[in-house]
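J.: What follows is a single structure, and I will ask about it in a moment.
The values are calculated or read from the model by the stated rules, or taken from the named source; none is laboratory data. All values reported here derive from a predicted model rather than from experimental measurement. So basically every Cβ, Gly included, is an ideal-geometry build from the backbone, and we count neighbours across all protein chains shown.
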Amino acid sequence: MVCLGNICRSPVAEGILKKKIEARGLNHVVDSAGTSDYHIGQSPDHRAQKNSEEHGIDISALQGRQFTKEDFKNFDRIYAMDYSNYENIIALAENEEDKEKVDLILNLSHPNSNMSVPDPYFGGEDGFENVYNLLDEACNKLITDIENV
Ligand code: 4NP
C-alpha cells in the first residue's frame, strides 16, 4: 500500500487489509510505504489514527517509511493510492515484471476507472472517512481475489 507521505492513506489501507486477513485466518504480509521521504519514522497522522480507531483498527504503532526498489522483490502486489504515486513507483521499476505488480488500488473496486484515493492531508476529518470507505471497499475486493487464487 503506497501513498506520498505514508501517514494518511497507505497506513489506513495497511490497517484495513491486515484486519481482514487476520479475520479470515489468512497468512499474507501486508505493509505500506510512501514515495517521499517526508515522514520517515513518523506515526500516522492523528486524524487517520482517530478515524481508524472509530472503525476498530489501531494503526498507532505504524511508522512511515519510504518505498524502495527492494519492495518489488519483497511483494507480489503493489497498490498506489493515486496516479502520482503510481508514476513514482513505476519510475523505480527495473523490468516488466516489476511494473506488472503495480496498480491503482481503486481499480480493485472500480475496474479500469483509474480513480485516485483523494489526498486528505490538507482537508478536514470528512476526508478521512471518505478515504476509509473507499479503501474498505477496495480491500473487500482484494480479499475476495486472494481467497479465490
Ligand atoms: P498521504 O498524505 O500521502 O496519504 O500520507 C500526505 C501526507 C503528507 C503530505 C502530503 C500528503 N505532505 O505534503 O507532507
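J.: Only residues in the range 1-27 that are under 17 Å from S109 (Cβ atoms) and polar (S, T, N, Q) count as the first member; pair them with residues that are more than 7 Å from the ligand (Cβ to nearest atom) and modelled with pLDDT of 95 or more, Cβ under 8 angstrom, at least 6 apart or cross-chain, and list the lot.
T.: S10/M1; S10/V2; S10/S32; S10/A33
J.: Which residues, taken from the range 14-37, are closer than 20 Å to H55 by Cα and within 16 Å of the ligand (Cβ to nearest atom)?
T.: E14, G15, I16, L17, D31, S32
J.: Please verify whether D58 is of a type in the set (D, E, K, R), in contact (Cβ under 8 Å) with a residue 40 or more places away in the chain and either at positive phi or assigned to a loop (DSSP other than H, G, I, E, B) (or both), treating the condition exactly as stated. Explain how you work it out, then say what you get.
T.: Working: of a type in the set (D, E, K, R): yes; in contact (Cβ under 8 Å) with a residue 40 or more places away in the chain: yes; either at positive phi or assigned to a loop (DSSP other than H, G, I, E, B) (or both): yes.
In short, yes.
J.: Across the range 64-80, what is the number of residues that are under 11 Å from G34 (Cα atoms) and of a type in the set (A, V, I, L, M, F, W, C)?
T.: 2
J.: I would also like to ask the following. L142 versus (1) within 13 Å of L17 (Cα to Cα); (2) surrounded by fewer than 16 Cβ atoms within 10 Å (Cβ to Cβ): which is the lone unmet condition?
T.: (2)
J.: Now for a different question. Would you please list the contacts, defined by Cβ atoms under 7 Å and residues six or more apart or on different chains, that run from a residue in the range 71-99 that is closer than 26 Å to P118 by Cβ to a residue that is of a type in the set (S, T, N, Q) and surrounded by 17 or more Cβ atoms within 10 Å (Cβ to Cβ)?
T.: Taking only residues 6 or more apart or on different chains, the pairs are M81/S10; M81/S116; D82/S116; Y83/S116; N85/T35; N88/T35; I89/T35.
J.: Would you check if Y83 is under 20 Å from Y38 (Cα atoms) and in contact with an Asp or Glu (Cβ under 8 Å, 6 or more places away or on another chain)? Spell out how you get there, then give the answer.
T.: Values: under 20 Å from Y38 (Cα atoms): yes; in contact with an Asp or Glu (Cβ under 8 Å, 6 or more places away or on another chain): no.
Spelling it out, it is not the case that Y83 is under 20 Å from Y38 (Cα atoms) and in contact with an Asp or Glu (Cβ under 8 Å, 6 or more places away or on another chain).
J.: Report yes if S109 is polar (S, T, N, Q), surrounded by 14 or more Cβ atoms within 10 Å (Cβ to Cβ) and away from the ligand (no atom under 16 Å from the Cβ), otherwise no. I'd like the intermediate steps shown before the answer.
T.: Numbers: polar (S, T, N, Q): yes; surrounded by 14 or more Cβ atoms within 10 Å (Cβ to Cβ): yes; away from the ligand (no atom under 16 Å from the Cβ): yes.
Yes.
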